[in-house]
Amino acid sequence: MKRKVAYSIVATALATALAAPVFAAEEYYVGGSAGRTDAKEACDGLDSIGFVGSCDDTDTGWKLFGGYRFTPNFGAEAFYADLGEFSASGTILGDPATANDEANGFGVSAIGTWPISDEFGVFGKLGFFRWDLESSATIGAVSVSVDDKGTDLTFGVGASYSFNESFSIRVEWERFNDVGEEDTTGKSDVDFLSAGVVLSF
């Protein structure tokens, strides 16, 4: 239900932006951002296999992106995101055990923006993320590793502030859905809260 509500909010935002009047010319932009990632289900289910120890489902992530604004209200963006590393360390039935997951990938999103003032605006985004998840685990003397890939939805909301026509900053929250495979690496939604800079030209 929460996911359906989030999709509805983003879809409404994009529709509103498309219907809004056009006030400026199109432009290209590039940028980068960094912040906190949270793999929502990364630590779920460890107790059921006898794991005793600690699990860290948060890390620092970063992103590089570039896009094109067809109007001040609608654009498209491509990006590369490194969602960080999530790990667990402890024992399983007395044997030392560790696990590590590293997630990254490329994506594209449609972005709807509506200006609040000449400097400040808010936006919503909806797109696809091509993820790559490298997972490794060690129990005693046995080690295994798996590298899975897939494509799933991503969406988010944010706000931006422009200091001039060329330079702005933005903060945003994004959700990357279903990163990983249930039967091999395990699957988790990953949230990414970040701040970054944008150069327009």
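The values are calculated or read from the model by the stated rules, or taken from the named source; none is laboratory data. Quick caveat: nothing in here was measured; it's all calculated off a predicted structure. Heads up, the Cβs are rebuilt from the backbone with ideal geometry, glycines too, and the neighbour counts pull from every protein chain shown. Accessible surface is based on the protein model in full, side chains and every heavy atom, while ligands, DNA and RNA are left aside. Shrake-Rupley method; radii C 1.70, N 1.55, O 1.52, S 1.80 Å.
Accessible surface ranking for Tyr29, Tyr161, Tyr68, 1.4 angstrom probe, highest first: Tyr161, Tyr68, Tyr29. Taking all protein chains together, Arg36, Arg170 sort by accessible area into Arg36, Arg170, largest first [probe 1.4 Å]. The figure for Val108 is an accessible area of roughly 80 square angstrom, using a 1.4 Å probe on the protein chains alone.
Pairs with C-alpha atoms separated by more than 18 Å, drawn from the list Lys63/Lys125; Lys63/Lys187; Lys125/Lys149, are Lys63/Lys187; Lys125/Lys149. With respect to the chain, whose longest principal axis is taken over its alpha-carbon atoms, helix 2-19 is tilted by about 20°.
Take the range 43-201 with all the other protein chains still there, run a 1.4 Å probe, and you get 49 Å² of accessible area per residue. Gain on full extension, evaluated as 0.36 nm per residue between Leu64 and Tyr28 minus their Cα-Cα distance, stands at 11.5 nm. Summing charges over all other residues whose Cβ lies under 15 Å from the Cβ of Lys125, with Lys and Arg as +1 and Asp and Glu as -1, gives -1.
Here the chain has 60 percent of its accessible surface on carbon and sulfur atoms, given a 1.4 Å probe and all protein chains in place. On the beta carbon distance between Asn100 and Ala78, with R0 = 25 Å, the FRET formula returns roughly 0.35. Given R0 = 30 Å, the distance between the Cβ atoms of Val108 and Ser48 translates into a calculated FRET efficiency of 0.20.
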